[in-house]
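First the structure, in the form of structure tokens, and then the observations on it.
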Amino acid sequence: MPAREVLVSLAEKFSESPDRKGNIQVQMKQVWNWFQNRRYAIRAKSSKTPMKLNITPMHRDDLAAARGISQQVAAPIPGAIYLATIFLTAASAGRATSENSYMEFEAKSARDGAWYDVGTFLSHRYLDKGDPEVLVRFSGFGPDEDEWLDVRRQVRQRSLPCEASECVAVLPGDLTLCFQEGKDQALYFDAHVLDAQRRRHDVRGCRCRFLVRYDHDQSEEDLSQA
């Protein structure tokens, strides 16, 4: 990962490019997110066993049953257990997760509502109601950006990038993490899939289009992987 100064310089150069004229300025966070997700995608791809994609049509009833199972597996973990899981993971990684190590978790910033990779879990505490919180340092950011976050609502395992060959698994109703470019910011936010239009893939990869609705502002956007 390039140094912070390099990321700031790249953001300034992108903002000043002719293609960006009239658009909002590119933020350092956007450049950092691009590098982080690119590195993670390469690591995830290299760890996969090469195989031929085999898609078998599934009956609607079977599909509903399968989706029900996946939702049960993804049910929220009790706060105390999840908190223990977080710190056990940190301990196995040498406690302080470095910039070059595997990112296990992501956290939702209370400042802008966007999701970022967790660099280090610094501490934890329980509020009067018994709700667990963790002090998070976001990967690529300094102490000034540290936040106390609710374990149940604002911390989760890191989202996996969707490969072009995996678009068939994205269905209406699914929760996804999408890159939203607005007037004042361009960050990663939760969004639910409203509709999926399947298209034949070509040399550029996936040509399917997905209509999503962002959870934080209820805006809708038509997205594609290309």
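No value in this document is a laboratory result; all are computed from the given coordinates. Nothing here was measured: the structure is a model prediction, and the numbers come from that model. Because the Cβ atoms are built from the backbone with ideal geometry, glycine has one as well, and the counts that use them run over all protein chains shown.
What the table below lists for this structure:
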| item | result |
| --- | --- |
| Burial ranking of peptide ranges 190-203, 139-152 (average Cβ count within 10 Å, highest at the top) | 139-152, 190-203 |
| Relative exposure of 153, 111, judged by other C-beta atoms within 10 Å (fewest first) | 111, 153 |
| Percent of Cα-Cα distances greater than 17 Å, calculated over the range 162-226 | 38 percent |
